[in-house]
Every structure is written in structure tokens, then in C-alpha cells.
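Structure record follows, encoded as C-alpha cells.
The values are calculated or read from the model by the stated rules, or taken from the named source; none is laboratory data. All values reported here derive from a predicted model rather than from experimental measurement. Reconstructed Cβ throughout: ideal geometry from the backbone, glycine too, with neighbour counts over all protein chains shown. Surface accessibility is based on the protein's heavy atoms, side chains included, excluding ligands, DNA and RNA. Shrake-Rupley method; radii C 1.70, N 1.55, O 1.52, S 1.80 Å.
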Amino acid sequence: VDISAPEFIFVPADYTVECADDMPMDEAMATDNCGEVTVTVSSETTAGDATGNYTITRTFTATDDAGNSSSATQTISVQDTTAPALTVPADYTTECSEGLVLDLAEAIDACGPTSVSVEVETIPGNGAGNYAVIRTFTATDDAGNSTSATQTITVQDTTTPEFTFVPADYTVECSD
């Protein structure tokens, strides 16, 4: 009579991985003292506090042809610790009479959604038409990872003034 359950000879080790990395899903192996062994696997995913943070629990069940079984588990912890990639508009210089082009930044994250915020600071120059606009963009993913980059818009007054009225030439008597 076969009353002994199969024994595992290999169970994949627990590990932690970045959400964008490959996750090896190795199989477990078991042996039995009286016959063939079938190993099945079931997986359960438990959500974490962000799209890229979760746990996979893999349960391996080894069953022999007499119906005896044993189980083992592997836990894979998936984490999002990488900040989103942020692309900001290029720095540029413009004439003060031109309108500012305020393009948006773009962010992508390998594991989940991102949001982009912008803070604007104006730094005065040496005249009313000379100043700089510093735009600091911050991309944050739903796991709280963030990255920042800046765009500098230099505004210059290089246009000479134009007269709108010039009195006409005239001749006058010195006593006038």
C-alpha cells in the first residue's frame, strides 16, 4: 500500500523583482518512492499599494498515482522602485514680443500610470523685456517614485524701438 506522499527535490526559491524585469517561473520537481508523480502549479496574485507592487504566490502540488500529495509554495514579491522616464520640451530663446510656447512634458512608466505636474518660476533680467522662465516638471508614478527635469525659456528684448511720431523739420527765425 502506498501511503507516502511525494517529496519535493526542487522548489524554486522566493525572490523579489522589479515590476518591469523578467520573472522566471521555474517549475518544482518531486519524487515518489512507489511510482509516477505529477506536479501541478496554481498562482494567486495579491495586489499591493500600487499597480507595480504585488505578490505572486505559486503553490506546487505533487501527487502520486495513489492519490497521496504534498505541497510547497514560492513567493515572488514584485516592486515598483523605478521612477518614470520624463521628457521635457527643449530650452529655447524668444523675443519678448513673441508669445511663449508652453509645450507639455511626457512621462512613461514601465509599471503603471503617471502624472506630471509643472511649477513655473520667472527670474527677472536686466530690463523689462529680459527675463527667464524656469519650468520644473515632476513625473510621479502611482507607487510614489518621481523624477524631475527643467526647461528654461530665455526671453530677450533685442528689437530696437521705433518712432511712432517724429515732428517735421522746420526753419525758425532766431528771434522766434
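Accessible surface calculations at 1.4 Å, restricted to protein heavy atoms, place the chain at 65 Å² per residue. Packing, taken as the mean count of other beta carbons within 10 Å per residue, orders the peptides 80-86, 125-131, 24-30 from highest to lowest as 80-86, 24-30, 125-131. Looking at the chain as a GNM with Cα springs under 10 Å, which of Ala90, Ala110, Ala149 has the largest mean-square fluctuation? Looking only at Ala90, Ala110, Ala149, the biggest GNM fluctuation is shown by Ala90. Charged neighbours of Thr159, selected by a Cβ distance under 12 Å, balance to -4 (K, R count +1; D, E count -1).
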